[in-house]
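Where a number appears in this text, it was derived from the coordinates with a stated rule and is not lab data. As the structure is a prediction and not an experimental result, all values here were calculated from the model. Please note: Cβ atoms are built from the backbone with ideal geometry, for glycine as well, and neighbour counts cover all protein chains shown.
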């Protein structure tokens with residue numbers, strides 16, 4: 001796997017985590033999610049952003 005492909009994957013992970021976090025927040029504010037569900041979505045979003053950011057940071 002080339003470094004360019006790894007960089008794209010890390011960018012996609014960061015974007016996916018951000019979209020998941022924002023959409024989960026919007027669903028919670030509209031009353032479509034319970035507080036127990038938003039905790040899981042937030043944790044998953046944090047994992048995606050963390051892995052994507054650390055992959056980008058390690059590459060530099």
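Numbers for the structure displayed
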read-out	value
Residue list for segment 36-60, restricted to those being exposed (fewer than 12 other Cβ atoms within 10 Å of the Cβ), farther than 28 Å from residue 1 by Cα and touching a helix residue (DSSP H, G or I) at 6+ places or on another chain (Cβ under 8 Å)	none
Residue satisfying all of: in segment 10-30; in contact with a helix residue (DSSP H, G or I) (Cβ under 9 Å, 6 or more places away or on another chain) and surrounded by fewer than 15 Cβ atoms within 10 Å (Cβ to Cβ); nearest to residue 54 (Cα to Cα) among these	11
Residue 33 being surrounded by 13 or more Cβ atoms within 10 Å (Cβ to Cβ) and not in a helix (DSSP H, G or I)	yes
Condition check for residue 26: over 10 Å from the mean Cα position of the chain (by Cα) and outside any helix (DSSP H, G or I)	no
